[in-house]
Structures are given as structure tokens and as C-alpha cells.
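Take a look at the structure set out below.
The values are calculated or read from the model by the stated rules, or taken from the named source; none is laboratory data. As the structure is a computational prediction, the values presented were derived from the model and not from experiment. Reconstructed Cβ throughout: ideal geometry from the backbone, glycine too, with neighbour counts over all protein chains shown.
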Amino acid sequence: MISGFDYVKSNGLKKVLALIVDGTPRDLSATFSETAKVEAITKEHPLGLEIMRHTTAHIMAQAIKELYPSAKIAIGPVIEDGFYYDISCEHRFTPDDFPAIEKKMREIIKADYKITREVVSKNDAIKFFKDKDEPFKVELIQDLDVTEVSLYHHEDKFTDLCRGPHLPKTGMASAHFEIMKTAGAYWRGDSNREMLQRLYATSWFSKEELDNYITLLEEAEKRDHRKIGREMDLFHLQEEASGSVFWHPRGWTLYRTLRNYVRKRLMKDGYVEVCTPQMVDKVLWEQSGHWEKFRQNMFISESEEKTLAIKPMNCPCHIQIFKQGTKSYRDLPLRMAEFGCCHRNEPSGSLYGTMRVRSFVQDDAHIFCMPEQINSETKKFCNLLSKIYKDLGFEKFSVKFSDRPEKRVGSDEIWDLAEDLLQKAVREVGLDYTINKGEGAFYGPKLEFVLKDKLNRDWQCGTFQVDFNLPERLGAWYTGEDGEKHHPIMLHRAVLGSLERFIGILLEHYAGKLPMWLAPVQIVVATITNDYDDYGKKFYDALTEAGIRAEFDVRAEKISYKIRNHSVEKIPMMAIIGENEKSNGTITLRKMDGSQENLAFDGAIDLLKKTCAEPA
């Protein structure tokens with residue numbers, strides 16, 4: 001046997017944070033066989049930053065305990081771009097407390113405490129944390145179905161419950177960190193339990209990375225879709241309809257423009273569009289399996305001794321349409337689309353603008369096909385998705401393959417077949433993908449398509465799921481070429497996902513400066529004084545006749561005020577009309593960046609027809 005420290009020394013390795021031994025991340029203090037397959041984790045390794053942040057979370061918890069000895073610590077996981085720790089404390093943390101906590105964290109890093117892992121019995125761990133008066137740790141250990149747990153010690157200064165791995169010393173943690181904010185979080189996500197204080201923080205290996213991240217956050221704040229939505233007068237939200245969007249005229253125009261664009265793409269790709277009921281008897285959801293797996297997210301209504309669910313998704317209803325009449329193999333594939341309004345009972349604390357709502361519309365569709373058609377339908381969908389994303393300004397996307405979750409329906413044999421067919425198809429499309437272990441739908445494996453916006457943030461939008469189970473559960477079948485009955489394969493798919501959420505993504509991606517074809521108001525006609533309103537009205541009428549979305553601003557305001565006002569509203573083009581334009585029969589077109597061009601009346605109309613046209 002050899003220790004990680006000995007392995008690093010004997011191989012002349014430097015700046016190693018931890019190791020991967022036979023596929024499992026381990027501390028440098030771990031021992032293992034000399035024949036084991038070993039990989040060094042440095043700060044350049046994909047796991048390096050995560051391990052450093054995990055240790056820094058423990059350092060933050062130690063700092064809080066030293067500053068506030070009566071504080072009780074709960075959990076402190078690594079998350080995207082940082083970590084958090086949940087704390088129970090009589091002191092209410094505010095940003096004014098952050099500098100003191102950060103100072104103490106730097107002292108702990110400078111002290112360079114040795115970090116050691118100790119494996120103890122479950123009972124000994126419970127006693128240890130009871131003696132330390134840490135009830136949250138005691139509860140966590142009591143609920144673990146194990147006989148032993150691992151503890152991490154910062155010498156005799158601090159101990160936490162953790163699986164690890166961690167850095168060997170606190171001094172190896174980066175000093176480039178910042179506590180970002182506080183929030184409330186119910187213990188174990190249960191609204192009946194204690195509300196804890198959650199401290200969010202970020203940590204990076206270099207000051208430059210930290211500064212870039214802070215700059216990114218500042219830019220993201222400027223691009224917040226809720227702020228932009230107010231400036232552009234697109235929508236609002238209010239408590240009386242929590243989780244639902246009030247779309248204003250301009251916002252609804254944007255919504256319909258996006259929806260109609262996707263609808264045209266679907267029709268070109270051979271889809272038929274349907275519309276299904278909003279409320280369906282729970283019997284159907286029991287048959288589909290959603291009642292068992294998804295009941296807690298459904299809104300329920302009682303009527304005439306029946307229990308009805310407002311649909312959280314469209315798939316069981318689409319099967320009901322498929323079952324009407326007799327289907328044969330010649331009818332397949334059948335691509336059935338619906339812009340269906342769905343409702344899900346999301347926790348109020350998770351609601352966020354249009355990004356996370358309770359009422360939403362999906363660009364949903366289901367493809368009923370035979371097993372041998374899965375390959376071609378996957379390729380066809382990937383091509384459709386690529387075209388739509390490109391038209392909307394997203395040139396690149398990544399793909400995740402999500403396999404079977406722990407809670408699922410269907411036999412392992414069916415899951416083996418579904419996963420194999422889907423992976424084979426996506427490989428043949430030529431798309432690279434990563435494995436998203438255990439994150440498939442309860443009825444089948446799926447592909448997740450992840451966009452990257454202009455701030456380099458990831459947004460999971462499109463999905464493609466192979467389902468061998470639901471058509472069989474709900475009794476859907478077709479007559480095969482052999483004359484026998486067969487259950488179709490059901491491919492669940494969406495390109496944008498929720499239209500509400502995707503509009504939020506678009507607003508932040510473009511900072512509200514949408515492409516001309518998508519902008520709810522494509523041009524404003526603004527006269528310098530009311531003396532030129534007649535000529536302005538003539539141009540405005542010609543624009544609307546040409547199908548261009550225009551508004552006419554005849555307010556008795558200075559033109560400079562109008563320009564500033566419409567710039568805030570992110571309207572991409574203005575037609576400025578004054579004496580010169582009226583006398584010469586021209587139009588001055590002003591872009592949002594301040595550049596101007598004077599064109600003949602008809603020339604301006606022709607140019608705007610082209611620039612406002614939807615992508616071909």
C-alpha cells in the first residue's frame with residue numbers, strides 16, 4: 001500500500017490538490033494499492049476548483065463558528081460558481097458582516113491548519129456532534145443508512161461531517177474569495193422546519209478570475225430580464241397571480257412573434273398541431289404514472305366528486321388523440337405539436353421572473369414512431385433545433401445524455417434498449433455529449449440541449465426523450481407491417497422549452513436589444529415638431545401596410561427626449577422626420593447605436609422590409 005503523499009513525492013508531482021484512485025476522488029492522505037490507476041488533481045483539473053471550493057466552505061463555517069460560537073452549522077455544498085453554508089444563528093447576517101467573516105477566513109488560511117480525515121462509527125459521530133451541540137449534523141448522521149461516517153478536522157480547531165475529498169491543508173485554499181449574499185433556506189427544504197440563514201460565496205484560483213466573475217455578475221444584473229421587461233414595457237408579475245405573467249401589448253407581440261416563428265418551422269418539418277384540455281381527471285394521470293411520480297407538483301380541483309388535475313404536461317393527452325381511430329405503420333412517424341399551457345405547483349421561494357413560473361407554455365411535441373425510426377427522427381430533430389437556435393442568435397450548444405433515474409417506470413431491459421438506441425442516434429448525428437447520470441425522465445432517457453449566452457452562462461432548454469413505457473401504459477397501438485398490434489415509441493421533444501423562460505433568456509442574452517425581426521416594436525416614427533405629423537403619418541401607414549411593427553410618436557416633446565426615451569425601451573430603429581425630410585421626400589433612419597442614414601421614402605420602406613424580415 002502507498003499513500004497519496006508518497007505517490008506524489010515518488011512521481012515528482014507538484015501542486016497536487018487530491019487524487020483520483022481507480023475512478024474515485026481521494027484525499028492525498030488516502031492509502032491505496034501500488035497497482036491502482038491514479039490521476040493527479042491539480043488546479044487545472046476539472047475537479048480542482050470544486051475541491052478547493054469545498055474546503056473553502058469548511059473554512060467559512062469555521063470562521064463563522066469562531067466569530068459566533070453559538071451558531072449551529074447545517075450543510076455547505078459546492079454549487080455552480082461557488083458554494084454556500086446554511087447556518088442557524090441568533091445574529092442576523094447582513095453584508096456588513098461579510099468583511100469580518102472574510103478576514104477570519106484569511107486568518108484560517110494563513111494558519112495553514114492540517115486537514116485530516118477520520119472514519120468513525122455512526123454512533124460515535126452522533127455522540128461527537130451532540131457534545132458539540134450541532135443538532136443538524138446529528139440529524140443528518142441519524143438519517144444515513146451506514147455504519148461509519150467520515151469527519152474532517154482542521155487540527156483541533158474545527159470538525160465537519162463530510163465525504164470529501166479536501167485539500168491537505170487550509171493554506172492551500174485560495175485567498176481569492178468573496179461572500180456574495182445571504183438568503184433564507186428551510187432546513188432540508190421543508191417549509192415546516194426552521195428557516196436557516198444561507199451565506200453564498202464564490203472562490204477562484206486567481207484574482208483575475210474573481211474579478212472577471214464579479215464583472216460578469218454586474219453585467220448580469222444590468223441584463224436582468226425583469227429590469228429589461230419593465231424598461232421595454234413587456235410584462236409584469238404580482239402576488240395575486242403568483243408564478244404567472246401579465247403580458248403587456250409589446251410583450252405579447254414578442255411572445256406571439258416567437259411562437260409563430262417556431263410554429264412555421266414545425267409545420268415545415270411535418271408536424272401537425274393539436275390542442276388538448278387544461279383539466280383532466282386524475283384517472284388518466286394514475287394510468288400514465290404521473291400521479292405517483294409528479295402528484296406534489298400538480299394543481300388539483302374537485303368537482304362533482306371527481307378529482308381533476310390542471311395538466312403539468314401534455315403527453316398523456318396527446319396519446320388520447322393518437323388512440324382515436326386505427327393507426328398503421330404507414331401513419332408513422334406522426335409528429336404531434338402543441339403550444340400547451342401547463343401548470344406546476346413550484347414552491348413560492350423558487351419563483352423568479354419569467355424564468356421560473358407556475359403557468360407556462362411549452363413548444364411541446366410528441367413523435368409517435370417505430371423503433372427503427374428513432375435514429376432518423378433524432379437526426380431530424382437535432383437539425384431543426386440547430387436551425388432555430390442559430391436563427392435566435394445561439395450558434396453553439398452542448399448536449400447531455402441523461403440516463404435512468406432511481407424512480408422510474410418500465411423494466412431494465414426496456415431501459416437498456418432505449419438508452420442504447422438514443423446514444424447511437426446522437427452519435428450518428430455527430431454531436432458530442434456528456435453523461436448526466438441518473439437525470440432521465442421517469443419514463444425514459446433524454447438528451448438535454450444547453451445554450452451558452454453572451455455572458456457565457458449555460459441554459460438548458462431543448463429536450464429529446466425516448467419513451468417505450470407511456471404508450472403501453474395508456475393502451476396506444478398501431479398495426480404493423482406484419483398485421484400484428486404494436487405499441488409505438490413516443491419521443492417527447494421541445495426546442496425552446498417554456499416560452500416564458502426562453503423570452504427571459506433572450507432578453508438577457510441580447511440585453512434587450514433584440515434582432516429587428518423579433519423586436520416587438522421594430523421602428524418608431526418620431527416627428528421633430530407637430531408640423532410634420534402629416535408626413536410622418538404617411539410613412540407610418542406605409543410601414544404598417546408593409547407588415548412592419550411600427551409606432552407613431554407625435555408627443556409635443558423635444559426630439560432629443562424622444563430619442564432617449566425610445567433608446568431606454570430598446571427600440572432598434574427610429575424614423576426622424578422634420579423639415580428636410582418633408583421637403584425632400586426622404587426619411588432619416590436612426591439606429592440604436594446613434595448611426596443615421598437618409599433615404600428616399602420608398603427606399604426606406606424597402607430597406608426596412610429586408611431588415612425586419614423573419615429568417616428564411
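Exactly one condition in (1) among the aromatic types (Phe, Trp, Tyr); (2) outside the structural domain of Pro371 (by TED's automatic domain parsing); (3) touching a strand residue (DSSP E or B) at 6+ places or on another chain (Cβ under 7 Å) is false for Phe502; which is it?
(2)
Any residue that is surrounded by fewer than 17 Cβ atoms within 10 Å (Cβ to Cβ), among the β-branched types (Val, Ile, Thr) and touching a strand residue (DSSP E or B) at 6+ places or on another chain (Cβ under 7 Å) - is there at least one of those in segment 308-315?
No - not one qualifying residue is present in segment 308-315.
Quick test for you: out of Glu413, Glu428, pick the one residue that is closer than 17 Å to Ile374 by Cα and not hydrophobic (A, V, I, L, M, F, W, C).
The conditions single out Glu428.
Modelled with pLDDT under 95 and surrounded by 17 or more Cβ atoms within 10 Å (Cβ to Cβ): does that describe Ala185?
Spelling it out, Ala185 is indeed modelled with pLDDT under 95 and surrounded by 17 or more Cβ atoms within 10 Å (Cβ to Cβ).
So which of Ile101, Ile109 ends up being part of a helix (DSSP H, G or I), in contact with a Gly (Cβ under 9 Å, 6 or more places away or on another chain), closer than 21 Å to Tyr85 by Cα and touching a residue at least 12 places away in the same chain (Cβ under 8 Å)?
Criteria check complete, one pass: Ile109.
Can we say Val466 is modelled with pLDDT of 90 or more and touching a Lys or Arg at 6+ places or on another chain (Cβ under 8 Å)?
yes
Please determine whether any residue of segment 107-123 is more than 27 Å from Leu28 (Cβ to Cβ) and not assigned by TED's automatic domain parsing to the domain that holds Pro25.
Taking every residue of segment 107-123 in turn, at least one turns out to be more than 27 Å from Leu28 (Cβ to Cβ) and not assigned by TED's automatic domain parsing to the domain that holds Pro25.
Scanning segment 61-81 for residues that are in contact with a Lys or Arg (Cβ under 9 Å, 6 or more places away or on another chain), modelled with pLDDT of 95 or more and more than 21 Å from Glu139 (Cα to Cα), which turns out surrounded by the most Cβ atoms within 10 Å (Cβ to Cβ)?
Selected residue: Ala63.
State all residues of segment 317-341 that are of a type in the set (S, T, N, Q) and assigned to a loop (DSSP other than H, G, I, E, B); if no residue qualifies, say none.
Correct list: Gln324, Thr326.
Looking at segment 199-220, I want the residues that are modelled with pLDDT under 95 and have a partner that is basic (Lys, Arg) and crowded, with 18+ Cβ neighbours inside 10 Å with Cβ atoms under 7 Å, at least 6 apart or on another chain. Which pairs are those?
Once the first residue is modelled with pLDDT under 95 and sits in segment 199-220, no partner that is basic (Lys, Arg) and crowded, with 18+ Cβ neighbours inside 10 Å comes close enough.
Can you pull out the strands (runs of 3 or more DSSP E) entirely within segment 242-316 that have at least 3 residues that are over 19 Å from His343 (Cβ atoms), touching a Lys or Arg at 6+ places or on another chain (Cβ under 9 Å) and at pLDDT 95 or above?
In segment 242-316, the matching strands (runs of 3 or more DSSP E) lie at 271-273.
Please determine, by comparing only the residues of segment 574-588 that are in contact (Cβ under 8 Å) with a residue 24 or more places away in the chain and in contact with an Asp or Glu (Cβ under 9 Å, 6 or more places away or on another chain), which one is nearest to Thr257 (Cα to Cα).
Among those residues, the one meeting the criterion is Met574.
Scan segment 247-265 and report the pairs whose first residue is touching a residue at least 24 places away in the same chain (Cβ under 8 Å) and on the phi < 0 side of the Ramachandran plot and whose second residue is part of a helix (DSSP H, G or I) and of a type outside the set (A, V, I, L, M, F, W, C), with Cβ atoms within less than 9 Å and a gap of 6+ or a chain change.
Gly251/Gly229; Tyr255/Glu500; Tyr261/Asp391; Arg265/Lys387; Arg265/Asp391
Filter segment 522-548 for residues that are of a type in the set (A, V, I, L, M, F, W, C), part of a helix (DSSP H, G or I) and under 18 Å from Glu569 (Cβ atoms) and give the result.
Hit for segment 522-548 is Leu543, nothing else.
Considering only residues that are more than 45 Å from the chain's Cα centre (by Cα) and among the acidic types (Asp, Glu), which ones fall in segment 551-587?
Glu579, Glu581
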